[in-house]
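First comes the structure, then the notes that go with it.
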Amino acid sequence: MKDWFLNEVRKHWKLTEMDLGEYAQIKKGGMHFHMQAYMAEGVGKLFLMDMKALGGMMKMETVTFTPTSLDGPILSGDAVWALGKSTLVLELYDTTLSHPDFKALGAIKEKYASLPSYDPGSPAYYRLRLPESDYKRGRKIKDALRVMAEEYGEAYFRALKSCDVISMQEKQKKNAEFSEMLYACGGPAVNQFKKMIGEEKTKEFLVKYMY
């Protein structure tokens with residue numbers, strides 16, 4: 001998934017890779033994380049991560065796109081393969097001032113409604129989650145989830161191009177509010193990072209690089 005998103009963003013905007021320093025690779029407790037981040041000129045930040053664990057029996061890819069100069073929502077996606085099951089998480093978080101229309105992504109969600117879904121729970125930061133977000137998990141659906149993720153990404157970037165130009169300072173404040181809420185609420189990935197690199201570094205990682 002992450003390679004497709006990287007190539008898709010490159011089609012539309014000039015990318016400049018960010019130096020992640022110590023966060024580029026993290027290895028601990030049998031888990032291996034590799035991370036990259038890019039600034040898309042005049043648009044926002046693209047973050048990519050892949051993780052392997054259990055000797056390669058579990059794999060995860062994460063993509064986030066955080067608009068910083070356009071008034072669009074954050075896109076966050078995870079693809080996980082473990083124990084014979086495939087999981088796809090596609091989330092939109094409303095860190096906008098004008099609340100633009102991203103209903104086109106709801107059409108993608110509806111198109112793949114027959115694929116098995118699951119309930120992710122209701123952490124506090126979900127109050128910013130848009131209804132076009134979706135959660136899928138099942139067996140023998142890996143290829144279908146890949147196609148779904150790509151169609152969702154295409155629809156997201158089309159809609160993003162129609163968003164208003166916004167002050168970077170204003171938008172980054174809204175984005176930081178989300179990432180700080182995510183840090184405070186925790187969750188499987190955030191809590192794992194807190195254990196591996198500590199709470200302060202986890203907060204810096206979320207605010208400065210991931211979102």
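Quick note: the coordinates plus some simple rules give every number you see, no bench work behind them. Model, not experiment: these values are computed from the prediction. As a convention, Cβ positions derive from the backbone with ideal geometry for all residues, glycine included, and neighbour counts pool all protein chains shown.
Points to keep in mind about this one:
- Screening Tyr112 on (1) without any contact (Cβ under 8 Å) to a residue 60 or more places away in the chain; (2) out of contact with any strand residue (DSSP E or B) (no Cβ under 6 Å at 6 or more places or on another chain); (3) exposed (fewer than 15 other Cβ atoms within 10 Å of the Cβ) shows it passes everything except condition (3).
- Applying a threshold of 8 Å to beta carbon distances and a minimum spacing of six or more residues, or different chains, the list of pairs starting in the range 1-29 at a residue that is exposed (fewer than 12 other Cβ atoms within 10 Å of the Cβ) and ending at one that is hydroxyl-bearing (Ser, Thr, Tyr) reads Thr16/Tyr38; Glu17/Tyr38.
- Selection of the range 157-172 for residues being part of a helix (DSSP H, G or I) and either free of Cβ contacts under 8 Å to residues at least 24 places away in the same chain or among the aliphatic types (A, V, I, L, M) (or both) yields Ala159, Leu160, Met168, Gln169.
- Elements of the type strands (runs of 3 or more DSSP E) sitting completely within the range 1-42 and holding at least 2 residues that are out of contact with any Leu (no Cβ under 7 Å at 6 or more places or on another chain) and within 25 Å of Met148 (Cα to Cα): these cover 31-40.
- Scanning the range 173-189 for residues that are of a type outside the set (D, E, K, R), assigned to a helix (DSSP H, G or I) and surrounded by fewer than 19 Cβ atoms within 10 Å (Cβ to Cβ) gives Ala176, Met181, Ala184, Cys185, Pro188, Ala189.
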